[in-house]
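Working notes, structure below.
The values are calculated or read from the model by the stated rules, or taken from the named source; none is laboratory data. Being a predicted model, the structure only gives us computed values, none of them experimental. So basically every Cβ, Gly included, is an ideal-geometry build from the backbone, and we count neighbours across all protein chains shown.
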């Protein structure tokens, strides 16, 4: 049994570590490329959202390199994600691939249901080994998140942006190979130091919150690496979604640690009091939260036709006005031209700088938020 | 007299008799917006974000029209679920908040939460809350709601005969209706789609009327036997969690096996989440009947649709006469031999 799974940001490092801990042979799909996307577009239904298409491309590439088992998360509506695995399995079956699909469904109530599902993935694994595998994978994930935060902090502040990015790439590959907690700690400490020592500039910074659908926020390929583009414009990006939090909320139903979700939902309540599936309510809540923390602007990202994000986008019009925070929505689809996005990000950053300067000059003038929505297809 | 506005969009086509009876019994006057027209669509487009699907845009057009009439309340429920463990669509769950965000000057909304995914306790609580707006006691509210459910049943009797939900509502309201030629025609075509796009003639560009005009008898989801539909829908490995999607899939599978259906037409909306998945699954599973998927958006040129429908009907007729063609599926093993 050779196991594979879809990409999402640096999740492959974590899942690989977990499955190897369960004594499974793992085939990590090749990094997402134009070829991956082209495969997905060719076989996926035309109007489905981008994560399904990229995921399908991942599977095809992984199956071609020898995988025979796909692990995928499920879900129970109303967002389309819950039905991804079903549609993808049908497509791959029709294409003639021989494989089996293991779909991890979030448990209704008991956490033991999830552990059972995980245990079935393992081969001759004792309970102790399974727990150790989960804990080590989690440790890697936490380290990666810490490193990513530092990277996003350093990138806008340094002159040597190329070096900062190189260091991040290095951290990714080193942590992927790390075999012990000690090794992970060393890599992390080393990287922190290197980022600290990069030369700084003293230009004014912008602080931008990135909200939206979880896959598009976490997977740089699907958002044309928006965090990097903004970092190069001296704008510090804060992701509203963290992988650990997302897994805790969705797969472990908040059993692992106390999440920020309660606070975010409370922020969303005046505008959107109930869940609308997917990440809709979190998008609204996080935007309010960013506004209250004094961020300069918020960018909402999502795949084109994402239903919960459309609801959120409509409501952001009001949030933007009432919380005085400029918001911009960018939907991504299979269009891969980067110039359109780059121009819009630059314009947005310019607008935020101008607004900030104006506010500094006439601090009593309260400016209403500006909202504009753009398509990735331009 | 208290006026309650009911917009002629979305679940109007499924629930209008229920809410009209309910509010009338509570002593309110019910006003509706006029039938969807080009004006409705244009206004709706202005007041929604571009990415919304057409039915939502139309709905906002109706809300905008109702606002001009200044009723005391507008009925805009938060529709989460109408049956156990199933949902409608995320956009329906945010409707009242979306209205408040883009049409700030609207009258108070009756935004009860219809969520039967776990139980109906919350629903009843909300219904009593609405009743309190009209100073009705619990018994009166309960009987009004039950009266409303009865009205829905009488609507079902009409739709089972082959009338669309839209026609059935017109008949129920005793408006004169040109007796539609329901059971004539040499072809029988199954027509599927979300009711709020399929049964709104302005949204579907009169798809059903056109098919009838081309000599087809239109078989709709509502006239399929319910048990058979549920049984067929249960065949797929994971139960579909969209109520309407599951019904469409089940009906498609029933139609696929039924001898007197010549072909199946599926009306999808551009940007509709469930349609993007269900349309594909239906296309994959329907192996014995010609299948056509039509996608609509606010584009109003009907020439393209007319041509496709005519071509589809011509093909069905030729297939009937010649009996030579095999049932080549658009998907699956056959398709990949090419």
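For the stretch A:48-64, the candidate set comprises residues that are over 19 Å from the mean Cα position of the chain (by Cα) and farther than 15 Å from residue A:89 by Cβ; within that set, the residue that is farthest from the other protein chains (Cβ to nearest Cβ) is A:61. Look at (1) free of Cβ contacts under 8 Å to residues at least 40 places away in the same chain; (2) within 11 Å of chain B (Cβ to nearest Cβ) and you find that residue A:307 fails only one, number (1). Among the numbered conditions (1) part of a loop (DSSP other than H, G, I, E, B); (2) modelled with pLDDT under 90; (3) within 13 Å of another protein chain (Cβ to nearest Cβ), the only one that residue A:97 does not meet is (2). Which residue, of A:150, A:89, is part of a helix (DSSP H, G or I), outside the structural domain of residue A:250 (by TED's automatic domain parsing), modelled with pLDDT of 90 or more and within 30 Å of residue A:189 (Cα to Cα)? None of the other options fit; the residue is A:150.
Looking only at the stretch A:76-94, filter to residues that are buried (at least 21 other Cβ atoms within 10 Å of the Cβ) and more than 9 Å from chain B (Cβ to nearest Cβ); which one of those is nearest to the chain's Cα centre (by Cα)? Looking at residues that are buried (at least 21 other Cβ atoms within 10 Å of the Cβ) and more than 9 Å from chain B (Cβ to nearest Cβ), I get A:81. Regarding the stretch A:65-73, can at least one residue be identified that is out of contact with any strand residue (DSSP E or B) (no Cβ under 6 Å at 6 or more places or on another chain) and either crowded, with 23+ Cβ neighbours inside 10 Å or within 14 Å of chain B (Cβ to nearest Cβ) (or both)? No. When the stretch A:322-333 is filtered for residues that are away from every other protein chain (no Cβ under 14 Å) and either buried (at least 16 other Cβ atoms within 10 Å of the Cβ) or within 26 Å of residue B:57 (Cβ to Cβ) (or both), the ones remaining, listed by number, are A:325, A:326. Checking the structure you have, find out if any residue of the stretch B:201-211 is under 20 Å from residue B:158 (Cα atoms), assigned by TED's automatic domain parsing to the domain that holds residue B:315 and not in a helix (DSSP H, G or I). Looking through the stretch B:201-211, at least one residue is under 20 Å from residue B:158 (Cα atoms), assigned by TED's automatic domain parsing to the domain that holds residue B:315 and not in a helix (DSSP H, G or I). Picking from residues in the stretch B:273-300 that are part of a strand (DSSP E or B) and within 11 Å of chain A (Cβ to nearest Cβ), the one that is nearest to residue B:313 (Cα to Cα) is B:293.
Residues of the stretch B:267-290 that are surrounded by 23 or more Cβ atoms within 10 Å (Cβ to Cβ) and farther than 17 Å from residue A:84 by Cα: B:267, B:268, B:269, B:286. Say whether the condition of being modelled with pLDDT under 95 and surrounded by fewer than 22 Cβ atoms within 10 Å (Cβ to Cβ) is met by at least one residue in the stretch A:1-8. There is at least one residue in the stretch A:1-8 that is modelled with pLDDT under 95 and surrounded by fewer than 22 Cβ atoms within 10 Å (Cβ to Cβ). Can you tell me which residue in the stretch A:15-47 is surrounded by the fewest Cβ atoms within 10 Å (Cβ to Cβ), limited to those that are part of a loop (DSSP other than H, G, I, E, B) and more than 19 Å from the chain's Cα centre (by Cα)? For the stretch A:15-47, the residue satisfying everything is A:46.
Within the stretch B:252-272, residues that are within 14 Å of another protein chain (Cβ to nearest Cβ) have Cβ atoms under 6 Å from residues that are part of a loop (DSSP other than H, G, I, E, B) and surrounded by fewer than 21 Cβ atoms within 10 Å (Cβ to Cβ) in these pairs: B:270/B:297, counting only partners at least 6 apart in sequence or on another chain. For the stretch A:261-281, a residue qualifies if it is in contact (Cβ under 8 Å) with a residue 12 or more places away in the chain and crowded, with 18+ Cβ neighbours inside 10 Å, and the qualifying residues are A:264, A:267, A:268, A:271, A:272, A:276, A:277, A:278, A:279, A:280, A:281.
Here is a yes/no grid of residues against (1) within 13 Å of chain A (Cβ to nearest Cβ); (2) closer than 27 Å to residue B:132 by Cα:
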residue	(1), (2)
B:55	yes, no
B:58	no, no
B:62	no, yes
B:66	no, yes
B:69	no, yes
B:73	no, yes
B:96	yes, yes
B:101	yes, yes
B:107	no, yes
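Only one entry of A:234, A:248, A:239 meets the criterion of being surrounded by 16 or more Cβ atoms within 10 Å (Cβ to Cβ), more than 14 Å from chain B (Cβ to nearest Cβ) and at positive phi, and that entry is A:234. Checked against the criteria, residue A:278 counts as assigned to a loop (DSSP other than H, G, I, E, B), under 24 Å from residue B:52 (Cβ atoms), under 18 Å from the mean Cα position of the chain (by Cα) and not assigned by TED's automatic domain parsing to the domain that holds residue A:148. Counted as qualifying within the stretch A:171-260 are the helices (runs of 4 or more DSSP H) with 3 or more residues that are in contact with a strand residue (DSSP E or B) (Cβ under 9 Å, 6 or more places away or on another chain) and within 27 Å of residue A:118 (Cα to Cα), namely A:214-218. Checking A:298, A:284, A:319 one by one, the residue that is buried (at least 24 other Cβ atoms within 10 Å of the Cβ), in contact with a strand residue (DSSP E or B) (Cβ under 8 Å, 6 or more places away or on another chain) and within 14 Å of chain B (Cβ to nearest Cβ) is A:319 and no other.
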